[in-house]
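J.: Structure provided below as structure tokens; questions to follow.
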Amino acid sequence: MARQTFPPVLTARLQLRMPQISDAEAIFTRYGSDPEVVRYVGWPRHADVTDTREFLEFSRSEWQLWPVGPLLIEELDTGRLVGATGLAFDSIRVASTGCVLARDTWGKGFASEALAAIVQLARQNGMQRLYARCHVANLRSRRMLERCFFALEATKEKHAVYPNIGATGLQDECWYSVGTGAI
């Protein structure tokens, strides 16, 4: 049975909440279609709002399977969409996380604030392992993960496809994790 509600996760400046179908246009406009924003993500840039609706259907299916899924990030005081994060489960105790932010929000500390909330959410859900992956050239994400106490585990050569960087084939990828055992 699909979870219909999930209480928003609040930080000092942000609200992390479940995406809704009514968010499609804002997701598309704010970050999903921006080539610079999605350059280093593992999913293709949204060519039109239909792609965004497909993401929202995927999100709904993740929420049906797992205790937490994709989350939208909003500014707490304005309600403006900042980006997205969440947990992607490999098993009930192992998940990955990531973050994508609208370009006009870069450099404001929102990614670190959202990631700290995700780590806390993972702890509350009894996660034993939380990891993040990023393209080896994505220095901003790598620094942000390290600021949030994620440790570099490995650099895997020719490991993952990054469809928006203009290169074909498998790309090098860094794997980070936080904590050991129960986080």
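J.: Listed highest first by mean packing, meaning other Cβ atoms within 10 Å per residue, what order do 164-175, 89-100 come in?
T.: Answer by packing, highest mean first, reads 89-100, 164-175.
J.: Give me, ordered by chain and number, the residues 5 or more places off H159 or on other chains with an amide H under 5 Å from its own placed amide H.
T.: Here the answer is Q171, D172, E173, since their amide H atoms fall under 5 Å of that of H159.
J.: If you don't mind, there's one more thing I want to ask. Suppose we keep just the DSSP beta bridges with both residues in region 25-183; what percent of those would be antiparallel, to 5?
T.: 85 percent
J.: Now for a different question. Per residue, how large is the accessible surface of region 27-183? Use a 1.4 angstrom probe and give square angstrom.
T.: 49 Å²
J.: Taking a ≥ b ≥ c as the square roots of the eigenvalues of the Cα gyration tensor of region 76-183, is the shape rounded (a/c under 1.5), prolate (a/b larger than b/c) or oblate?
T.: Oblate, because a/c is 1.5 or more while a/b does not exceed b/c.
J.: Hey, any idea what % of region 45-90's accessible area is carbon plus sulfur with a 1.4 Å probe?
T.: 51 percent
The values are calculated or read from the model by the stated rules, or taken from the named source; none is laboratory data. Values in this document were obtained by computation on a predicted structure and should not be read as measured data. Cβ: placed from backbone, ideal geometry, glycine included. Neighbour counts: every protein chain shown. Just so you know, the surface numbers come from the protein's heavy atoms only, side chains and all, with ligands and any DNA or RNA stripped out. Shrake-Rupley method; radii C 1.70, N 1.55, O 1.52, S 1.80 Å.
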